[in-house]
Amino acid sequence: MAYDLTTTKILIIDDMAPMLTLCKSILNIFGFKNIYLAHSGQEALDLTIRHDPDLIITDWMMKPMDGLEFTREVRKNPLCPNPYVPIIMMTGFSSKLRVESARDCGITEFLVKPFTSRDLYNRIVQIIEKPRQFVDADDFFGPDRRRRTIKDYEGPQRRDDDSKANPQSPAQTSSAQLLKKLRDEAKNLSKK
């Protein structure tokens, strides 16, 4: 499905100017118009607090604040307006240990460099169409790290039971509202 992304606010963070330019160009093609660019984690944190983006794409390796530290700040800092904002981590590191480290930090999706525009689009669609519940535990706050349902699991915290107890997390509500907004805008455009 095609989405009207013109009013969606997106923040891209990378300390390499050519990567920022490339990502911005790709996102412009997708239809994003409200794109904020940051060259560092601290600059991105300031923009996040000020503009409350609907989606964040961050590089991993930056100084002095890397993408993981930035993500932890967004998820825990009381000044950040939306700790549930979807965050895509883009990096050249693809080892299982690195992916798990990013996931455990609160990253929503993972994008390995070099990536195609289709790869980026697929991550964005995944966030819009299949929002993940958030987990708030003593040592973790972020999107649910489980991606699949184990059919023969009989324990007390089976996901079907979890969703009945907590039908929609704030993150799902936020993504659902974004999806509804995009669908309404697409309908309005088709009527014109």
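Filtering the stretch 123-145 to residues that are modelled with pLDDT under 80, under 16 Å from the mean Cα position of the chain (by Cα) and among the charged types (D, E, K, R) leaves Asp144, Arg145.
Taking the conditions exactly as written (of a type in the set (Lys, Arg), modelled with pLDDT under 95 and more than 17 Å from Ile10 (Cα to Cα)), does Arg103 satisfy them or not? Judged against the criteria, Arg103 is a match.
Which residue, of Leu120, Leu182, is at pLDDT below 75 and either of a type outside the set (Val, Ile, Thr) or under 22 Å from Phe70 (Cα atoms) (or both)?
Working: Leu120 fails: at pLDDT below 75.
From the options Leu120, Leu182, the qualifying one is Leu182.
Within the stretch 1-13, being among the polar types (S, T, N, Q) and open to solvent by 20 Å² or more (accessible area, probe 1.4 Å) holds for Thr6, Thr7.
When you check Gly142 against the structure, is it surrounded by 17 or more Cβ atoms within 10 Å (Cβ to Cβ) and out of contact with any Ser or Thr (no Cβ under 7 Å at 6 or more places or on another chain), yes or no?
Values: surrounded by 17 or more Cβ atoms within 10 Å (Cβ to Cβ): yes; out of contact with any Ser or Thr (no Cβ under 7 Å at 6 or more places or on another chain): yes.
Considered against the rule, which asks whether it is surrounded by 17 or more Cβ atoms within 10 Å (Cβ to Cβ) and out of contact with any Ser or Thr (no Cβ under 7 Å at 6 or more places or on another chain), Gly142 comes out as yes.
Within the stretch 75-95, the presence of at least one residue that is charged (D, E, K, R) and touching a residue at least 12 places away in the same chain (Cβ under 8 Å) is confirmed. For the structure I just gave you, tell me whether Pro114 is under 12 Å from the mean Cα position of the chain (by Cα) and under 20 Å from Asn28 (Cα atoms). No; evaluated as a whole, the condition is false for this residue.
The values are calculated or read from the model by the stated rules, or taken from the named source; none is laboratory data. If you're wondering where the values come from, they're calculated on a predicted model, not measured in any experiment. All Cβ positions, even for glycine, are placed from backbone atoms using ideal geometry, and neighbour counts span all protein chains on display. Please note that ligands, DNA and RNA were not included when accessible areas were found on the heavy atoms of the full protein model with its side chains. Shrake-Rupley method; radii C 1.70, N 1.55, O 1.52, S 1.80 Å.
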